[in-house]
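I have placed the structure first, in the form of structure tokens, so that the comments after it can refer back to it.
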Amino acid sequence: MSASEALTLPRRQPAPREAAPPVSNARIAMIVLIAGESMLFAGLIGTYLVFRLSAPNWPPPDLPRLPLGMTSMNTIALLASVVPMSRALAAARRHDRRALGRATGLTTLLGVLFLAVQGAEWVRLVRHGLTLGSGTYGATFYTLIGCHGLHVLVAVTWLTVMAALVRRGALSRARRTALEMCGMYWYFVCGLWVILFPLVYLY
């Protein structure tokens with residue numbers, strides 16, 4: 001091949017890189033999950049309101065009142081956990097392992113505190129006669145609040161795993177994505193409590 005022919009040959013262009021999707025598959029999956037959970041709670045809340053609005057007395061006079069003071073403090077603890085959760089996500093993005101460990105640990109601690117206080121309240125209510133068998137009032141209370149408590153337990157378990165990975169220095173890029181999804185789920189359970197607390201304890 002002559003030098004002139006070599007100069008006229010077209011140069012091989014590098015293969016174009018595939019553009020990253022605007023929304024990751026993990027984020028889409030979490031949005032779908034949260035949408036499904038939202039529909040579940042919409043149904044539970046609708047059922048609660050039907051019984052609540054049709055009852056002549058709510059709560060029934062022979063059943064104990066819900067512990068408003070302690071639950072109010074517990075609500076503050078749960079909502080306060082949003083702050084360290086946000087800091088954990090920010091620390092993960094800037095690869096600050098020390099700040100990430102502190103923030104995930106504090107978020108987990110506040111979640112455990114919320115569950116512990118709520119569990120203690122339930123024990124006291126059962127001792128005073130409010131059980132699942134205490135008519136519609138007891139059944140709807142434990143179903144609605146218990147379902148939320150189960151979701152908080154799942155989120156706390158997830159956070160505990162993330163905190164353990166951070167302490168071991170094993171938070172890879174894929175696991176940072178898992179932490180972001182955990183953050184989205186945590187925001188969901190906290191936002192849901194903003195609706196459930198006034199509905200069940202104040203209304």
**OP:** Could you check how many residues of region 142-174 are at pLDDT below 90 and either of a type in the set (Asp, Glu) or assigned to a helix (DSSP H, G or I) (or both)?
**Re:** 9
Original post:
Taking His95 and the conditions (1) modelled with pLDDT under 90; (2) in contact with a Phe, Trp or Tyr (Cβ under 7 Å, 6 or more places away or on another chain), which numbered condition does it fall short on, given that it satisfies the others?
Top reply: (2)
**OP:** Inspect all residues belonging to region 144-161 and state whether any of them is closer than 19 Å to Ser72 by Cα and more than 18 Å from the chain's Cα centre (by Cα).
**Re:** no
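The values are calculated or read from the model by the stated rules, or taken from the named source; none is laboratory data. Note that the structure is a prediction, hence the values are computed from the model and not measured. Neighbour counts are summed over all protein chains in view; Cβ atoms, including those assigned to glycine, are modelled from backbone coordinates with ideal geometry.
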